[in-house]
């Protein structure tokens, strides 16, 4: 019998975190189960820092709130955790056994892991050590394997679309090319869907190495019919044929976390398009605006469905799985399927050839739709 569960939110924040937490708590309470939340994701699990969650108190009034009431961590890999000794020397240690000890001593029957590819990889690794886990797929990039959609994605697309609507008026008024750089390291879902929704003329995504000459030609064709402005959407992970992703910064937070910060491709594309077309080009980087704030109605419903289903799975004692949405129906898949060939313990970073990241394929309906309505994909 499940009597006591805990939730952790991990990775970059998204709109919908709190809706998932609320749904888990409410479903738990209706089944007389105590619910707790670890503070700061896996870091809280390691430090055994948690609070009691209640729909009448700590988890009340949070459905419409962005962020996470139990916070989140983006660089806490407990299998390779950064430790600084008294002399200031840095080393990385596997502290996962402490997490296992905490869970067992606290008496938690299941841990719900709200996060993306890296979060679920660590969840799988902890499951091998005897911890019962159930994952819920989160990321604005929409790149978690085995599910049709992640919570937080719809809100990010909506924010990007609104930005495009606003950029459209400036572009048309001043006869400019307006470039919008959106998030998307390995997957171009946000760029592609917002381009369609926002009436963009060019969309450059990581899955299709772009030829800037092709993008410029599409803009020149618009000029020939009297359209002296264009809208371009670029994923932060987009890169030219024969080139590399644009790196803004590199850090050393240890193995198994993302140490490369992407950025700059939007400015690069704007400069090149200005030179090739003769039109003034300006870049807007949407950045964290995509992550924060009130979730859309769609994300509120999706997050609530995910949270409720995750608790149902716990009641059914279906552990070490990811809650998914497939063909419009809630289901679950083993975490082993989610992580793909990324089997090495502690190697949690996504976007590698071993990872099972969900990316845009050329057979996807979004790609076909974009091409049908004349959006240039840089190829």
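Coordinate-derived values only; no laboratory data. Model, not experiment: these values are computed from the prediction. Note that each Cβ is placed from the backbone with ideal geometry, even for glycine, and that neighbours are counted across all protein chains shown.
See the values below:
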quantity: Per-pair calculated FRET efficiency, R0 = 22 Å: residue 197 and residue 361 via Cβ, rounded to 0.05; calculated: 0.65
quantity: Residue-averaged [θ]222 nm for the chain, counting only DSSP H segments that reach four residues, each worth -39500 (n - 2.57); calculated: -10500 deg cm²/dmol
quantity: Highest-first arrangement of 296-308, 76-88, 261-273, where packing means the average Cβ count within 10 Å; calculated: 296-308, 261-273, 76-88
quantity: Projected area, mean over directions - the chain, Cα convex hull, nm²; calculated: 19.5
quantity: The range 28-106: proportion of alpha-carbon pairs further apart than 19 angstrom, %; calculated: 49
quantity: Coordinate range along principal axes, alpha carbons of the range 96-180, Å, largest first; calculated: 64, 23, 16
quantity: Distance histogram in 5 Å bins (all Cα pairs of the range 226-314, percent per bin); calculated: 2, 10, 13, 14, 13, 13, 13, 10, 6, 3, 2, 1
quantity: Virtual spin-label span in nm between residue 165 and residue 368, 7 Å along Cα→Cβ; calculated: 2.9
quantity: Separation in nanometres of the label points that stand 7 Å from Cα toward Cβ, at residue 175 and residue 48; calculated: 7.0
quantity: Length added when fully stretched, residue 214-residue 106, from 0.36 nm per residue minus Cα-Cα; calculated: 33.0 nm
quantity: Sites residue 333 and residue 271 - FRET efficiency at Förster radius 30 Å, r taken between beta-carbons, to 0.05; calculated: 0.10
quantity: Distance in nm between pseudo-label sites at residue 223 and residue 65 (7 Å out along the Cβ direction from Cα); calculated: 5.2
quantity: With Cα atoms, 0 to 90° folded angle of helix 117-127 axis to the chain main axis; calculated: 20
quantity: q = 0.15 Å⁻¹: log10 I(q)/I(0) that the Debye formula gives for the range 135-234, counting C-alpha atoms only; calculated: -0.61
quantity: More than 11 Å apart - percent of Cα-Cα pairs taken over the range 200-242; calculated: 66
